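For reference, the structure is listed below as structure tokens.
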Amino acid sequence: MTNVEYLEISPTNLSILKEQAIDWALSHGLVIRTNSNLSSTTVHAPISLFPSPFPKKEFEFALGLQPIFNLLFHKLSRDHEFIEKVIGELTDVDDFLEKLYNIYINVRKEGVTQQISLGLHRSDYILHLAPNSTEAHIQQVEFNTISSSFSSLSALTSELHKYVIPLQYFDVSPTLKIDALPTNEAMINLPKGIAKAHQLYGSENAVVLMVIQPAERNAFDQRWIEYILMNNHKIHLMRKTLFEIQRDGELDKDTKALIIDNKEISVAYFRSGYSPKDHPTGKEWNARLLIERSKAIKCPTVAYQLVGAKKVQQVLAVPGVLERYISNPSDVTKLRSCFAGLYPLDSSPEGETAAKLALESPERFVMKPQREGGGNNIYTKDIPQALRRMTLLERSSYILMDLIQPPKMSNIVVREGEVIQGEMISELGIYGVFIGDNRDDGIVVNELGGHLLRTKGRETNEGGVATGYSVIDSPLLI
Ligand code: ADP
Ligand code: MG
Ligand code: MG
């Protein structure tokens, strides 16, 4: 695909590059916790030593899609009939979605007290090289509406590549040019979005709440948001787990302001709450309900979280659905061009056909449940056995998706000091920042937030950095 002559690096130069990259990472907070129990010990984040080649045209196309996706998901989050139909149908087969859906319904009945919502999204893509084609195009893996992580560590990795690569390479390699490394402002743009929402909340003494998991290894990606919020915007951020929130939080009886430790919360920003594991008891669910009922601006609201479900992605691919939300036909064409084949696995005729197809040609597909955070999908050869084991009801909680097949690409990555070289797959994420105000159907902010490139060994199916499958990378635009 690309000239990657720089990968023919001598062992001596490789060890110099590795040391430079690791030291840069350790010096700049491009780190994760070694182990969630060892709170004072860090290690450099898993990173690639070189940026990975990515077609400039496709990168720019992905950037252009983001405001359209941001607005689409905002409209979906406000379409009660849609949520009722698509998510309501899943409540029989998915306990986690059912609990979220009940919060959505109950708070809706009680009356929503906050009309402003904040979205910090990330739309993820993998390059797809269709059989007999020479040009790869991006296809969307998924659209994340909750806890889109790595904005800070990603921007730091972009900086790292800009620093360490020139030290050895710039006069040597014809492809590794500084101009080919796009700026990445994700580190400042997400806090900027939170700050804007905080301002709109309009209470000077209020603070931002980050809802966190109890033993978070990726805490520094989050800490950077806190520090930038303070440095650039003079806004305090409080970190609390769902357990702590139900223990320490309450609603003001008159205003429904969320009060925690005597402080009013302007924005509740979730970096937890996307997985059943985040809710071991009813207490965590009570915290979620408390926040949803409150006047705090949520990032995201439960409605936004629900429309981030994989099932919604599949429904959006059904002909005619996008047109209901997007008036500009060329925008519809653009979004659709990045959709991989998506199929239901329910009892509908389409679902039965898809299940049959998946049994016949499993190598073409991935099966996805309504889960976030990585490690939940069923890939290719594992599909038939899984399908045969499932009842129809269980099967209905999954969607089926065409496997995206990227062109060949190699890189050298380093994880906990260990160098790994080989064929890799990259996944591009584009951050989006959206603030909507329902009072006048207003779009207050609809912007790009920056990007993330994650790279993993080609033989690995899953993709999370935190889950140990991939490393943080940056694109080398070609
Ligand atoms: P999650 O919400 O858990 O992150 P994803 O849909 O992103 O779920 O799937 C997890 C990983 O699985 C992705 O990061 C990607 O590496 C891989 N993956 C998902 N869908 C596909 C697909 N259609 N083709 C190829 N790989 C996929
Ligand atoms: Mg996801
Ligand atoms: Mg994902």
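The values are calculated or read from the model by the stated rules, or taken from the named source; none is laboratory data. Predicted model only: the values in this text are computed from it and were never measured. No Cβ is skipped: glycine too gets one built from the backbone with ideal geometry, and neighbour counts run over all protein chains shown. Remember, those area values only see protein heavy atoms, side chains included, never the ligands or the DNA or RNA. Shrake-Rupley method; radii C 1.70, N 1.55, O 1.52, S 1.80 Å.
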Given (1) under 20 Å from Glu185 (Cα atoms); (2) within 16 Å of ligand 2 (Cβ to nearest atom), Gly463 misses just (1)
So which residues in the range 410-432 are over 19 Å from the mean Cα position of the chain (by Cα) and open to solvent by 20 Å² or more (accessible area, probe 1.4 Å), if there are any at all? Ser410, Arg415, Glu416, Gly417, Glu418, Val419, Ile420, Gln421, Gly422, Glu423
Return the residues of the range 349-380 that are open to solvent by less than 30 Å² (accessible area, probe 1.4 Å) and more than 16 Å from ligand 1 (Cβ to nearest atom); say none if nothing qualifies. Gly351, Ala355
Qualifying residues in the range 185-201 (those that are of a type outside the set (Gly, Ala, Ser) and in contact with a strand residue (DSSP E or B) (Cβ under 7 Å, 6 or more places away or on another chain)) - the one surrounded by the most Cβ atoms within 10 Å (Cβ to Cβ): Ile194
Look through the range 79-100, keep the residues that are touching a residue at least 60 places away in the same chain (Cβ under 8 Å) and more than 17 Å from Gln313 (Cα to Cα), and return whichever of them is surrounded by the most Cβ atoms within 10 Å (Cβ to Cβ). Leu100
Of the conditions (1) within 24 Å of Ile9 (Cβ to Cβ); (2) aliphatic (A, V, I, L, M); (3) away from ligand 3 (no atom under 13 Å from the Cβ), Val433 satisfies every one except a single condition; which number is it? (1)
For Ser152, are the conditions met, namely being within 16 Å of ligand 3 (Cβ to nearest atom) and either open to solvent by 10 Å² or more (accessible area, probe 1.4 Å) or within 25 Å of the chain's Cα centre (by Cα) (or both)? no
When Pro319 is run through (1) within 16 Å of ligand 3 (Cβ to nearest atom); (2) part of a loop (DSSP other than H, G, I, E, B), the failure sits at (1)
Looking only at the range 381-408, count how many residues are touching a Gly at 6+ places or on another chain (Cβ under 9 Å), open to solvent by less than 30 Å² (accessible area, probe 1.4 Å) and near ligand 1 (Cβ under 10 Å from one of its atoms). 2
Checking Ile326 against (1) open to solvent by 30 Å² or more (accessible area, probe 1.4 Å); (2) away from ligand 1 (no atom under 16 Å from the Cβ): exactly one of these is not met. Which one? (1)
Could you tell me whether Ser123 is touching a strand residue (DSSP E or B) at 6+ places or on another chain (Cβ under 6 Å), within 16 Å of ligand 3 (Cβ to nearest atom), in a loop (DSSP other than H, G, I, E, B) and open to solvent by less than 30 Å² (accessible area, probe 1.4 Å)? no
Residue ID - surrounded by the fewest Cβ atoms within 10 Å (Cβ to Cβ), chosen from residues in the range 242-267 that are in contact with a Lys or Arg (Cβ under 9 Å, 6 or more places away or on another chain) and within 28 Å of Val465 (Cβ to Cβ): Phe243
Among (1) open to solvent by less than 10 Å² (accessible area, probe 1.4 Å); (2) away from ligand 3 (no atom under 16 Å from the Cβ); (3) not hydrophobic (A, V, I, L, M, F, W, C), which single condition is Glu204 missing? (1)
For the range 126-149, how many residues are open to solvent by 10 Å² or more (accessible area, probe 1.4 Å) and part of a loop (DSSP other than H, G, I, E, B)? 11
Could you check the range 436-478 and list, in sequence order, the residues that are of a type in the set (Gly, Ala, Ser), more than 13 Å from ligand 3 (Cβ to nearest atom), buried (at least 18 other Cβ atoms within 10 Å of the Cβ) and part of a strand (DSSP E or B)? Gly436, Gly449, Gly450
So Thr145 fits all but one of (1) in contact with a Gly (Cβ under 6 Å, 6 or more places away or on another chain); (2) more than 16 Å from ligand 2 (Cβ to nearest atom); what number is the exception? (2)
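For every residue, the table says whether it meets (1) within 25 Å of Gly273 (Cα to Cα); (2) open to solvent by less than 40 Å² (accessible area, probe 1.4 Å); (3) among the hydroxyl-bearing types (Ser, Thr, Tyr); (4) part of a strand (DSSP E or B).
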| position | (1), (2), (3), (4) |
| --- | --- |
| Asn106 | yes, no, no, no |
| Lys109 | yes, no, no, no |
| Thr175 | no, yes, yes, no |
| Asp179 | no, no, no, no |
| Thr183 | no, no, yes, no |
How about the range 268-299: which of its residues are open to solvent by less than 10 Å² (accessible area, probe 1.4 Å) and among the hydrophobic types (A, V, I, L, M, F, W, C)? Ala268, Phe270, Ala287, Ile291, Ala296, Ile297, Cys299
Among the residues of the range 406-448, how many are on the phi < 0 side of the Ramachandran plot, away from ligand 2 (no atom under 16 Å from the Cβ) and touching a residue at least 24 places away in the same chain (Cβ under 8 Å)? 30
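Condition check ((1) among the basic types (Lys, Arg); (2) farther than 30 Å from Asn438 by Cβ; (3) more than 13 Å from ligand 1 (Cβ to nearest atom)) across all residues:
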position: Ser117; (1), (2), (3): no, no, yes
position: Ser123; (1), (2), (3): no, no, no
position: His128; (1), (2), (3): no, yes, no
position: Ser133; (1), (2), (3): no, yes, yes
position: Gln140; (1), (2), (3): no, no, no
position: Ser147; (1), (2), (3): no, no, no
position: Ala155; (1), (2), (3): no, yes, yes
I need the full set of residues from the range 248-297 which are farther than 21 Å from Gln199 by Cα and among the polar types (S, T, N, Q), in order please. Ser272, Ser275, Thr281, Asn286
